[in-house]
Amino acid sequence: MYKENQLYVAHSAQGAIHIIGKMANRHGLIAGATGTGKTVTLQVLAETFSQAGVPCFMADMKGDLSGISQVGKLSGFIEKRCAEFGIDPQELKFEGCPVRFFDVYGKQGHPMRTTIKNMGSMLLSRLLDLNDTQSGVLSLTFRIAEDEGLPLIDMKDLRLMLDYVAKGADRYSTTYGNISAASIGAIQRSLLTLAEQGGDKFFGEPAFDIFDLLQTEGGRGVMNILAADELMLQPKLYSTFLMWLLTEIYDKMPEIGDMELPKLVFFFDEAHMLFKDTSKALIDKIEQIVRLIRSKGIGVYFISQSPSDLPEAILGQCGNRVQHALRAFTPKDQAAVKAAAQTFRPNPAFSTEREILELGTGEALVSFLDEKGAPSMVERAKILFPLSQIGAISEEQRAAVNNSSRIAGKYDTAVDRESAFEKILKQREQAEKEAAEAKAEEEERKEQERREKEEEKARKSYAGSFKKSLIGSMLGTAVTYFAKTVAQQMAKKLTGSTRTTTTRKRKTTTKKKR
């Protein structure tokens with residue numbers, strides 16, 4: 001319940017316990033063993049923030065948080081709590097909160113997508129479980145894509161970009177450094193594994209606009225609930241997605257300093273997944289974001305079984321704490337209980353360590369920041385009941401909420417615009433076309449040379465034949481002429497000789513007659 005910039009969330013023997021509005025962005029922790037009431041505590045905090053006009057983001061692991069969208073009702077349990085807290089049940093106003101459901105897979109709510117580029121090489125390396133060498137190659141691939149104007153939107157872009165870089169490794173090595181074919185292959189295999197897990201649905205457009213999380217309806221903060229029952233089966237994808245979202249919020253939100261109330265509260269359930277198998281560099285980055293994001297009006301509340309699930313540097317920034325019961329069956333469990341007790345400001349009235357072991361369901365040790373920002377003395381308290389429905393809603397109710405959402409249709413249909421995949425294919429098609437044209441030109445040039453050689457050969461052959469023919473003809477004519485002339489001359493001589501003989505004979509005959 002919200003009143004006068006205070007969020008009433010628990011009640012102790014001494015009275016109501018509040019989170020001061022202007023201290024709500026100093027982050028918080030909800031811890032406790034399974035079945036001790038963490039989910040209901042989260043629901044109470046979230047709906048109280050909603051009443052104050054503060055939107056929230058939370059992951060719903062089992063579907064139970066979906067009930068926050070529906071009106072609650074008076075029950076025997078609530079009547080008992082009202083009597084313990086001094087609340088008149090008739091004054092209670094049961095109501096649901098304005099809710100938007102999201103789902104990375106697009107099944108139970110609006111899809112939430114981002115681009116490969118926006119995810120960045122560091123988070124993507126974590127998601128793909130790459131080693132340092134492979135991470136370096138992935139980083140180089142991002143750099144080359146940026147330098148060459150090849151947008152990395154979805155996984156097909158990255159897969160083809162890796163192939164593009166591998167084929168141009170010799171060309172890129174002098175500028176960007178060594179590019180190992182083995183590393184490229186390992187990244188490609190990791191991408192295939194991620195796609196088989198459904199991770200490819202997370203990358204694409206339209207990319208999610210984080211300002212859609214900062215909405216109010218009717219003066220109440222909108223509860224943005226991520227359906228995570230399927231997503232959490234892939235712990236790396238779940239934690240990396242939330243890490244990306246938190247980073248995106250940090251990068252895009254302006255500095256506003258301390259306010260009377262946060263601009264947004266981010267609940268990070270199963271927080272241990274965030275830090276498991278995470279590099280020191282990435283943990284340092286998370287620690288920096290958590291430390292600085294509060295100046296942007298963002299409160300981050302981690303939910304996990306034990307405070308020891310969080311790195312000490314991050315745990316130290318969680319000023320508002322709710323500790324439900326822990327179990328101590330082993331020496332390790334006992335050490336965790338002792339460590340959890342030591343994170344509170346001691347209360348001389350009881351042993352914090354012993355109380356943690358004795359808390360019942362719905363009970364917790366709480367310590368919130370006071371007006372000066374100092375931790376208050378730890379108190380044993382009972383968590384307030386929610387005014388919305390406790391438990392999951394039906395598929396029909398969920399569909400009704402989705403259909404009435406102000407962002408219905410905005411993200412539902414994926415868009416595949418021109419990006420690295422299409423541009424690289426165009427480059428290759430153009431290169432193949434140019435190569436084919438060059439080959440055709442070369443073949444045409446060779447064919448032209450062949451034709452010219454044949455024509456030259458034919459010309460020379462014709463010229464030689466013509467010359468021979470001409471000479472032969474001339475020689476033949478000359479011979480013929482010569483032969484004819486000789487024949488004529490011989491004929492003349494023969495004729496002349498005959499005539500002379502005849503004449504002589506005639507003359508002789510004449511003389512005889514005489």
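Apply the a/c threshold of 1.5 to the C-alpha gyration tensor of the range 169-260 and tell me whether it is rounded, prolate or oblate.
oblate
Ordered by the number of other Cβ atoms lying within 10 Å of each residue's own Cβ, fewest first, LEU365, LEU140, LEU242, LEU192 fall into the sequence LEU192, LEU140, LEU242, LEU365. Sorted largest first, the spans of the alpha carbon positions of the chain along the three principal axes are 200, 46, 41 Å. Distance check, please: which entries in LYS236/LYS280; LYS3/LYS382; LYS73/LYS382; LYS156/LYS276; LYS167/LYS423 exceed 23 angstrom between their Cα atoms? Correct reply: LYS156/LYS276. Counting only alpha carbon atoms, the long axis of helix 280-293 and the longest principal axis of the chain meet at about 60°.
Mind putting a number on the dipole of the chain about its Cα centre? Charges go on the C-beta only, +1 for Lys and Arg and -1 for Asp and Glu, and I need it in Debye to the nearest 20. Walk me through the numbers before you get to the answer.
Working: 71 positive and 67 negative charges, 1774 e Å.
The dipole of the chain has a size of about 8520 debye.
Relative to the longest principal Cα axis of the chain, at what angle does helix 331-342 sit, 0 to 90 degrees, rounded to 10? So the helix axis and the longest Cα principal axis differ by about 70 degrees.
Within a 10 angstrom radius of the beta carbon, how do SER304, SER75, SER239, SER190 rank from fewest other beta carbons to most? Before the final figure, lay out each step's value.
On the way: SER304 21, SER75 11, SER239 25, SER190 18.
Placing the least packed residue first, the sequence is SER75, SER190, SER304, SER239.
Distances between every pair of Cα atoms in the range 124-197, grouped in 10 Å steps from 0 to the bin holding the largest one, split as 20, 58, 21, 1 percent. Sorted ascending by nearby beta carbons within 10 Å, beginning with the fewest, VAL322, VAL337 become VAL337, VAL322.
Compute the acute angle (0 to 90°) between the alpha-carbon long axis of helix 395-404 and the principal axis of greatest extent of the alpha-carbon atoms of the chain; round to the nearest 10°. The two axes meet at around 70 degrees.
Every number here is computed from the coordinates shown, using simple stated rules; none is lab data. These numbers come from a predicted model, not from an experiment. Backbone-built Cβ (ideal geometry, glycine too); neighbour counts: all protein chains shown.
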